[in-house]
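Note sheet for the following structure.
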Amino acid sequence: KDLKAKIKNIPNDLHPIVAFLIEATTSSYEWRQRALEPLLKDNSLEKAFAERNLPPKKNGEDDTASPLLLRLVRDVDLKYLMAGGIDLVHAVEKAQTRLKEVKDLGGAFSFDWLTPLGTIAIHGKQKDNYTGDRPYLLILDTGGNDIYFGGGGSFDSTHPISVTLDMHGNDKYVSHSDLLTKLPGTLAGRKLKVVPSFGAGVFGYGVTADMEGDDTYRAFRQSLGRGDFGLGMLLDSTGSDQYDCFVQCEGSAEFGGGVLIDGTGADLYTTFQQAQGFGGIMGAGVLIDIGKESDHYLANNVQIDFPSLVDKNQNTSFAQGSACGMRSDITDGHSFSAGFGALIDEGGANKFQAGFFAQGVSYWYGVGLLSAGSGKDTYEAGKYAQGAGVHFGVGILVDDGGNDTYK
């Protein structure tokens, strides 16, 4: 009875679209459960989720696999896992198309309903604040300059799926309140455990789609198009946007897929490591900027949080079309090849800045690709960069022309 009364707040034209998205999340959840069946049977999923959300060790060059990771590689069915994620992404894309055809989106309204998989929130054109202390299964917001402190990410091991779809407004997506005024790299808590958000799938799926507006995205880790034993996607269709994160973000993946796609607008991307098109072990991480405006990609190499083993005055970036495997032939013998990392920019006078291992590079097999369209581009990086293949890796840098500068 209460649910029927609340549903009346939602404009009628939105009802079939909301129902379609809820059905899609349910179907994807079934694929996810099938993929993780061994972990669900022995109640080890929560421990695995916690381990995968720990910050990166050392500088990301060489490492050893934990016993739990070896078990995950053996028991998680990535094919089942990706099947559910791909279905969910297609459903969100279809919902966006249908939303563009809706003539009456209503005015200011709110619908919130708690389900076992998280809250369903359908809101109108007012300015909304979505808190980060609860799991959201689905957020559909039709307008307003909103603030998101969470959503669009796998909240925990029992709330693995989240979709956020925002239609209009200059929105802020920040994983912590301090990020409203500060950048992630300036805060002392940047290396702590975090909740995945804004297009992050960890043992599940996270999709965030923003259809219009000049938006700001800020997060520490596991965000902005990140997959870790899952699929995460961030799609921003139009506007001049700013993306700021610390590590494991902006089109980054290990054991899954992480995708960030930005449409038209002049954009700024900042990070430190494992971002801007990064493919770790069995991962495909891709950042695609479709617009031909001038964009800026920065992997911080001034604040040294991840000093390279070769030069401690420069960061190991693994950014801007890079891939990194786990070389353990000199440690425990459990080596894993790199995945596929790509940064693809369609054009403009772009600027790419990074430290070591960046701009079309792969370490320990795998493929790293940086492809820039036509325009006067500037490339700045340290060692092992700009089309470098290191220890059997394949690195590719493609530029379509222009009076470019390489440093």
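The values are calculated or read from the model by the stated rules, or taken from the named source; none is laboratory data. Since this is a predicted model, take the numbers as computed values, not measurements. Reconstructed Cβ throughout: ideal geometry from the backbone, glycine too, with neighbour counts over all protein chains shown. We work out accessible area using only protein heavy atoms, side chains counted, and drop any ligands, DNA or RNA first. Shrake-Rupley method; radii C 1.70, N 1.55, O 1.52, S 1.80 Å.
Rounded to the nearest 5, what % of DSSP beta bridges with both residues in region 267-361 are antiparallel?
Numbers: 2 of 21 bridges.
Counting DSSP beta bridges with both partners in region 267-361, the antiparallel share is about 10 percent.
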(request) Please check which bits of region 198-223 a label hung off N170 would reach, taking the label as a point 7 Å along Cα-to-C-beta and the cut-off as backbone N under 19 Å. (result) 210-218
(message) Less than 30 Å apart at the alpha-carbon level, and either on another chain or at least 8 residues along: which lysines does that give for K103?
(response) K1, K4, K6, K8, K94, K125, K127, K172
(request) Tell me the label-point distance for the pair S328, N12, using the 7 Å Cα-to-Cβ offset, in nm and rounded to one decimal. (result) 6.1 nm
(request) Sketch the reach of a paramagnetic label on V73 as a point 7 Å from Cα along Cα-to-Cβ, and name the residues of region 311-328 whose backbone nitrogen lies under 18 Å away. (result) 323-328
(request) Over region 348-396, with every protein chain in place, what whole percent of the accessible area is carbon and sulfur at 1.4 Å, could you tell me? (result) 54 percent
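How high is the relative contact order of region 166-313? Use alpha-carbon pairs under 8 Å, at least six apart in sequence, and give a whole percent.
Numbers: 442 pairs, mean separation 27.5, N = 148.
Result for region 166-313 is 19 percent.
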(request) Quick one: work out the % antiparallel among DSSP beta bridges in the chain, nearest 5. (result) 10 percent
(message) What distance in nm lies between label points placed 7 Å from Cα along the C-beta direction at S177 and E30?
(response) 4.2 nm
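Relative contact order for region 115-223 using alpha-carbon pairs under 8 Å, separation at least 6, rounded to a whole percent?
Numbers: 307 pairs, mean separation 28.7, N = 109.
So the answer I get is 26 percent.
Send over a whole-number figure in Å² for the accessible area per residue of the chain, probe 1.4 Å. Please list the in-between numbers first.
On the way: 15640 Å² over 407 residues.
Heavy-atom SASA per residue in the chain reads 38 Å².
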(message) Given a Förster distance of 25 Å, report the FRET efficiency between T186 and L105 from their Cβ-Cβ distance, rounded to the nearest 0.05.
(response) 0.10
(request) In a Gaussian network model over the chain where Cα atoms closer than 10 Å are linked, find which of D377, D104, D171 has the largest mean-square fluctuation. (result) D104
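Taking 8 Å as the Cα distance limit and 6 or more residues as the minimum spacing, I'd like the relative contact order of the chain as a percentage. Spell out each step's value before the answer.
Numbers: 1295 pairs, mean separation 39.7, N = 407.
Here the relative contact order equals 10 percent.
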(request) Read through the labelled values (i) 65, 53, 35; (ii) 68, 45, 45; (iii) 67, 55, 42 and report the label of the one computed as Cα extents along the principal axes in Å from the structure. (result) (i)
(request) For L309 paired with A19, estimate the spin-label separation in nm (one decimal), with each label point 7 Å from Cα along the Cα-to-Cβ line. (result) 5.8 nm
(request) Note the angle between two axes, namely the Cα long axis of helix 15-35 and the longest principal axis of the Cα atoms of the chain, as a number of degrees from 0 to 90, rounded to the nearest 10. (result) 50 degrees
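Which value, in Å³ per residue, describes the convex hull spanned by the Cα atoms of region 8-61? Can you show the working numbers first?
On the way: hull volume 9.9 nm³, N = 54.
Cα convex hull per residue, to the nearest whole number: 184 Å³.
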(message) Pick from G283, G373, G85 the residue whose mean-square fluctuation is largest in a GNM of the chain, springs joining Cα atoms under 10 Å.
(response) G373
(message) Just to be sure I understand: with springs between alpha-carbon atoms less than 10 Å apart, which residue in G279, G239, G341 has the highest mean-square fluctuation in the Gaussian network model of the chain?
(response) G239
(message) Below 29 Å, Cα to Cα, which lysines can K47 reach? Residues fewer than 8 away in the same chain don't count.
(response) K57, K58, K79, K191, K193
(message) Keeping all protein chains in the complex and leaving out DNA, RNA and ligands, what accessible area do you get for K407 with a 1.4 Å probe, in Å² to the nearest 10?
(response) 140 Å²
(request) Could you give the size of the charge dipole of the chain about its Cα centre, using +1 on the Cβ of each K and R and -1 on the Cβ of each D and E, expressed in debye and rounded to the nearest 20? (result) 900 debye
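So how many Å³ per residue does the convex hull of the Cα atoms of region 359-401 work out to?
Details: hull volume 1.9 nm³, N = 43.
Expressed per residue, the convex hull around the Cα atoms of region 359-401 is 44 Å³.
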(request) Quantify, in whole percent, the carbon and sulfur part of the accessible surface of region 64-141 (1.4 Å probe; protein heavy atoms only). (result) 55 percent
(request) Taking Cβ-Cβ under 4.7 Å as the only way to count a partner, pick out the unpartnered cysteines of the chain. (result) C324
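Decide, for region 279-336, between rounded, prolate and oblate: order the square roots of the alpha carbon gyration tensor eigenvalues as a ≥ b ≥ c, take rounded if a/c falls under 1.5, and otherwise choose prolate if a/b is larger than b/c, else oblate.
Numbers: a/c = 4.82, a/b = 1.41, b/c = 3.42.
Oblate, because a/c is 1.5 or more while a/b does not exceed b/c.
Counting only protein chains, not ligands or nucleic acids, how are M82, M167 ordered by accessible area (probe 1.4 Å), most first? Provide the component values of the computation, followed by the final result.
Numbers: M82 40, M167 5 Å².
From most exposed to least exposed: M82, M167.
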